[in-house]
Amino acid sequence: MRYGIFFLFAFGLFACQNNITVTTEITKWPDDKSGAISVTYDDGIINQFTIAKPIMDSLGLPGTFYIITGKVDGSGKGKFLGRDPKEIITETANTPTDSTNIFERASLIAFTGTSEAEDYHARVGSLFEQGKVKEAYLLLDEGYQKIREGKMKNTNDVVFHNNVEDTTTWDQYKSYAAQGHEIASHTVTHPRLAVLDEINMLYELEQSKADLLKFIGEESIFSAEGPYGTENERVMEYAHKIYPSLRNRMPEDWLEEINRGSKMTPGESNKEYVQWQRGPLSRIGIGEMKSWVDTVMKHDDTWLVLVFHGVENLGWEPKTRNELVEYFSYMKANENQLWIATFRDVTKFLRARMNSEISTSIESDKKIQISLKSELDPAIYSIPLTLKTYLPSNWKNVELGNSGEKIEIKEDEKGKYISYNLQLGNSIEFNRVD
């Protein structure tokens, strides 16, 4: 085997030997599409599986469902880990909440017995993440005063993560995963992770992961979403050690993250990729939602991540069945330009592309071998990459290896090429046929 001189360039390789020139590049998206869309759902609400999922199934579209594992029978349940709760509650009478005790107290209060106490936990966490730390301290003191005085109540409000209608079983979730959907972690109880102490935060993240691994398998523990879209740095530090990918944050130098609250648009970024998260809330019309899809098709760098919650009058900010039918049908109608895939699979593709190396070998003028190498584990990063190899001018017909299978030669502004898919760690060989 004789090898040429190789010149690496961005996501491709230029090889030259004996005046034979071969250029190979990895397309930005699979099958050279314009962009990607991931449809994600939070909270594991039953209508997501009985209404939204069947619509997607009928169109052949996969979804990512971030579920609250603690509400599934057989799972580890929500609980407080640490000191005796009575001791902590007694201390709150004489020691105000401050930076030394807020995490322990905020971790406990949701498990003191009432839905109002859960609401205090959520509101304290919201204030803390907004930077209103003193207000969070005072609210927590107020909550514990109610507990000590026996005034904390069950409000009878429907708390979505305790909704009795959510009866999906692990067997059902496993079957959904087998159908191509991603079932992934949204923690055990949907807490405000930013105000949990270490032991309770780790339990929420690790127990959820353990149950997904036990009941579904490895593919369900790749990505996760911390509740309330948290981007708290302390939470991210813990969570990124447990899950390879988080929808909350993906700190990659080559990725621009535009969260749901940002007014930045994909066209404003100069990075290789843009992850653009949008929340299809009840008040957002179908026209605006379709415009997000149009934006993906106008750029070559955009990954639209849709974040759904409620469906058909159940859950937070629900969208109707008719809206989902129209929206998903619009996406399907443009599938020739869009790669619609799970959050997990898009993440794997992007990382594989950004961390791979092409090697080319040329033997005489009749054989080309292309290999894909990477330090990533090919067993995990298994989504095939799409490559385009531009051929020497005298290559009129091409076969795959010695199989005799004819490969179509295409042409664009750069010249004649062949297009094919290849996984990390694999090689492929093409022969010139006279």
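Annotations for the structure displayed:
- For the set Tyr390, Tyr228, Tyr330, Tyr66, solvent exposure ranked by accessible area (probe 1.4 Å, protein chains only) runs largest to smallest as Tyr228, Tyr330, Tyr390, Tyr66.
- Using R0 = 60 Å, the C-beta based FRET efficiency linking Glu91 and Glu405 works out to 0.20.
- Ranked by the mean number of other Cβ atoms within 10 Å per residue, highest first, peptides 419-430, 45-56, 72-83 order as 45-56, 419-430, 72-83.
- Mean ellipticity per residue at 222 nm, deg cm²/dmol - from DSSP H runs of n ≥ 4 across the chain, formula -39500 (n - 2.57): -9000 deg cm²/dmol
- Rounded, prolate or oblate (a/c below 1.5 giving rounded, otherwise prolate when a/b exceeds b/c) for the stretch 119-182 by Cα gyration tensor: oblate
- Reachable lysines from Lys79, criterion Cα separation under 17 angstrom, eight or more residues apart if same chain: Lys71, Lys209
- About its Cα centre, the stretch 135-283 has a charge dipole of approximately 440 debye under the convention of +1 per Lys or Arg Cβ and -1 per Asp or Glu Cβ, with nothing else charged.
- Which of His186, Met331, Asn154, positive extreme of dipole for the chain (C-beta unit charges): Met331
- Spacing of the two label points (7 Å from each Cα toward its C-beta) at Asp84 and Asn355, in nm: 4.8
- Residue of Val305, Val346, Val398 that the Gaussian network model of the chain assigns the largest fluctuation, springs spanning Cα pairs under 10 Å: Val398
- Take the Cα of Ser58, step 7 Å toward its Cβ, do the same at Asn397, and the gap between the two points is 4.7 nm.
- Student exercise, the chain dipole from Lys, Arg, Asp, Glu Cβ charges, in Debye to nearest 20: 400
- Proximal aspartates and glutamates relative to Lys271, as straight alpha-carbon distance under 15 Å, when same-chain residues fewer than 8 apart are discounted: Glu252, Asp253, Glu256, Glu257, Asp300, Asp301
- When the Cα positions of Ser107, Tyr390, His121 are compared along the charge dipole of the chain, Tyr390 comes out farthest toward the positive end, with charges on each C-beta of Lys, Arg, Asp and Glu.
- Additional length obtainable on full extension of the chain from Thr100 to Asp31, 0.36 nm per residue less Cα span: 19.5 nm
- Carbon + sulfur, % of accessible area of the stretch 22-135 - ligands and nucleic acids excluded, 1.4 Å: 51
- Only lysines eight or more places from Lys367 in sequence, or on another chain, were considered; those with a Cα closer than 17 Å are Lys388, Lys396, Lys406, Lys416.
- Cα extents of the chain along the three principal axes, largest first (Å): 90, 44, 42
- Evaluated at q = 0.11 Å⁻¹, the base-10 log of the normalised Debye intensity for the stretch 279-434, with identical point scatterers placed on the Cα atoms, takes the values -0.63.
- Histogram of C-alpha separations across the stretch 73-193, 5 Å bin width, %: 2, 10, 19, 20, 17, 12, 8, 6, 4, 2, 0, 0
The values are calculated or read from the model by the stated rules, or taken from the named source; none is laboratory data. Predicted, not measured: the structure shown is a model, and the values here were computed from it. With ideal geometry, Cβ positions are generated from the backbone for all residues, glycine too; neighbour counts draw on all protein chains shown. Only protein heavy atoms, including side chains, enter the accessible area calculation; ligands, DNA and RNA are left aside. Shrake-Rupley method; radii C 1.70, N 1.55, O 1.52, S 1.80 Å.
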